[in-house]
Amino acid sequence: MQEDVKKGIYYMLFASFLFAFMGAFAKELSNSMSSVEVVFFRNLFGVIAIGYILYKSPIKNIGGKPFLLFFRGFIGFSALLMFFYNIANISLAEAMTFSKTSPIFTAIFAYVLLKERLNFYAWCGVFVGFVGIMFITSFNPLTLSKTDWLGILSGVGAAMAYTSIRELKNYYDTKAIVFSFMAVGTVGPLILMLIGNFYQSSFWDFAIAPFVMPSGISWLYIALLGLFSTYAQIFMTKAYSSTKAGIVGTIGYTNIIFSIILGLFLGDAFPSFMVSFGIVLIILSGILVATNSSIKS
């Protein structure tokens, strides 16, 4: 095996491990604060870290796509709200699996909007992915729970964000794109938590909630959440920079395995046969899409 391929695999394995721990700390924090607040602290740490990098090493951008840049930040932030809400309310493994449906929708958006061609096996992957979603959500679209809908929409939102990056990279440096996402993801929750002090709704609780001052061990969890999520992003970037996206994207699905294990330690039940089969199908779907298209997810 080539050295670059080995590095890419090791980097992505470590990134997947860190992402699973990020989810675990987010789940623990959700016992004492809303998922909106968890998103705020997750992004605040990233803004500080990337802002410092940009300050020390300024970048030059062609620019010219401010609305698309904002759209990427807004849609990515919206997907993150749904994802962290699901982490708080369903098993860690299921929440992570829903987030891993994004390559399915990315393939579709790239085909429709960017005219990227997908071969037969990639289309098979898209089909298998939708079957996997059906298994996880018990096949009946009329009885989908709130977390089912939010899980699917988080995958759609993340896919839209990833698709926009393919256009944005022609105008902005990667660090600028990430910083804009983190910035929107920091200011957005502040506004939503301010609204949450005056208005609360059980339907909109994934997006609107009051601020609760952290205390005790929560501060440690916040620090670890920020640390693990930032380094997970760094090692994921290193992985994609080391070898082919198809290989790295496939290894990224180990995140679900790590999440199942961590979830059991946090008190999650082991996924049922239906859900487990759906997880396997979505992993297979991701592998087919990642290895048979040019899409990086």
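The values are calculated or read from the model by the stated rules, or taken from the named source; none is laboratory data. Keep in mind the model is a prediction, meaning the values are calculated, not measured. Note that each Cβ is placed from the backbone with ideal geometry, even for glycine, and that neighbours are counted across all protein chains shown.
Look through ALA122, ALA95, ALA161 and report the one residue that is touching a Lys or Arg at 6+ places or on another chain (Cβ under 8 Å) and at negative phi.
That would be ALA161, the only listed residue that is touching a Lys or Arg at 6+ places or on another chain (Cβ under 8 Å) and at negative phi.
Taking the condition on the phi < 0 side of the Ramachandran plot, surrounded by fewer than 21 Cβ atoms within 10 Å (Cβ to Cβ) and assigned to a helix (DSSP H, G or I), does MET193 pass?
Yes, satisfied.
Name every residue in the range 13-40 that is of a type in the set (Ser, Thr, Tyr) and surrounded by 23 or more Cβ atoms within 10 Å (Cβ to Cβ), in order of residue number.
SER16, SER34, SER35, listed by residue number.
Within the range 217-238, is even one residue assigned to a helix (DSSP H, G or I), out of contact with any strand residue (DSSP E or B) (no Cβ under 8 Å at 6 or more places or on another chain), at pLDDT below 90 and surrounded by fewer than 16 Cβ atoms within 10 Å (Cβ to Cβ)?
Yes, the range 217-238 contains a residue that is assigned to a helix (DSSP H, G or I), out of contact with any strand residue (DSSP E or B) (no Cβ under 8 Å at 6 or more places or on another chain), at pLDDT below 90 and surrounded by fewer than 16 Cβ atoms within 10 Å (Cβ to Cβ).
When PHE206 is evaluated against the numbered criteria (1) under 19 Å from the mean Cα position of the chain (by Cα); (2) assigned to a helix (DSSP H, G or I), which criterion, by number, is the only one it fails?
The single condition PHE206 does not satisfy is (2).
Looking at ASN89, ASN61 in this structure, which one is at pLDDT 90 or above and polar (S, T, N, Q)?
Being at pLDDT 90 or above and polar (S, T, N, Q) holds for just one of ASN89, ASN61, which is ASN89.
Tell me which of these ASN119 doesn't satisfy, since it passes every other one: (1) surrounded by fewer than 21 Cβ atoms within 10 Å (Cβ to Cβ); (2) closer than 16 Å to GLY286 by Cα; (3) within 13 Å of the chain's Cα centre (by Cα).
For ASN119, the exception is condition (3).
Residues of the range 53-66 being part of a helix (DSSP H, G or I) and hydrophobic (A, V, I, L, M, F, W, C), which ones?
ILE53, LEU54
May I ask you to say which residue of THR106, THR97, THR143, THR101 is modelled with pLDDT under 85 and closer than 21 Å to SER16 by Cα?
On the way: THR97 fails: modelled with pLDDT under 85; THR143 fails: closer than 21 Å to SER16 by Cα; THR101 fails: modelled with pLDDT under 85.
Criteria check complete, one pass: THR106.
Is it the case that PHE71 is within 18 Å of the chain's Cα centre (by Cα) and on the phi < 0 side of the Ramachandran plot?
The answer is yes for PHE71.
Out of the residues in the range 67-121 that are part of a helix (DSSP H, G or I) and among the polar types (S, T, N, Q), state the one that is farthest from LEU168 (Cα to Cα).
ASN89
What number of residues within the range 242-289 are surrounded by fewer than 18 Cβ atoms within 10 Å (Cβ to Cβ) and among the aromatic types (Phe, Trp, Tyr)?
4
Which ones in the range 241-288 are modelled with pLDDT of 90 or more, of a type in the set (Gly, Ala, Ser) and within 19 Å of the chain's Cα centre (by Cα)?
SER259, GLY263, GLY278
This table checks each residue for (1) outside any helix (DSSP H, G or I); (2) more than 14 Å from PHE235 (Cα to Cα); (3) over 15 Å from the mean Cα position of the chain (by Cα); (4) touching a residue at least 40 places away in the same chain (Cβ under 8 Å).
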position	(1), (2), (3), (4)
ILE9	no, no, yes, yes
MET12	no, no, no, yes
ALA15	no, no, no, yes
ALA20	no, no, no, yes
GLY23	no, yes, no, yes
ASN31	yes, yes, yes, no
PHE45	no, yes, yes, yes
ALA49	no, yes, yes, yes
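Do we have any residue at all in the range 31-46 that's at pLDDT 90 or above, of a type in the set (D, E, K, R) and under 24 Å from THR137 (Cα atoms)?
So far as the range 31-46 goes, no, none of its residues is at pLDDT 90 or above, of a type in the set (D, E, K, R) and under 24 Å from THR137 (Cα atoms).
Does THR186 satisfy the condition of being within 26 Å of PHE277 (Cα to Cα), hydroxyl-bearing (Ser, Thr, Tyr) and either surrounded by 19 or more Cβ atoms within 10 Å (Cβ to Cβ) or over 19 Å from the mean Cα position of the chain (by Cα) (or both)?
No: the conditions fail for THR186.
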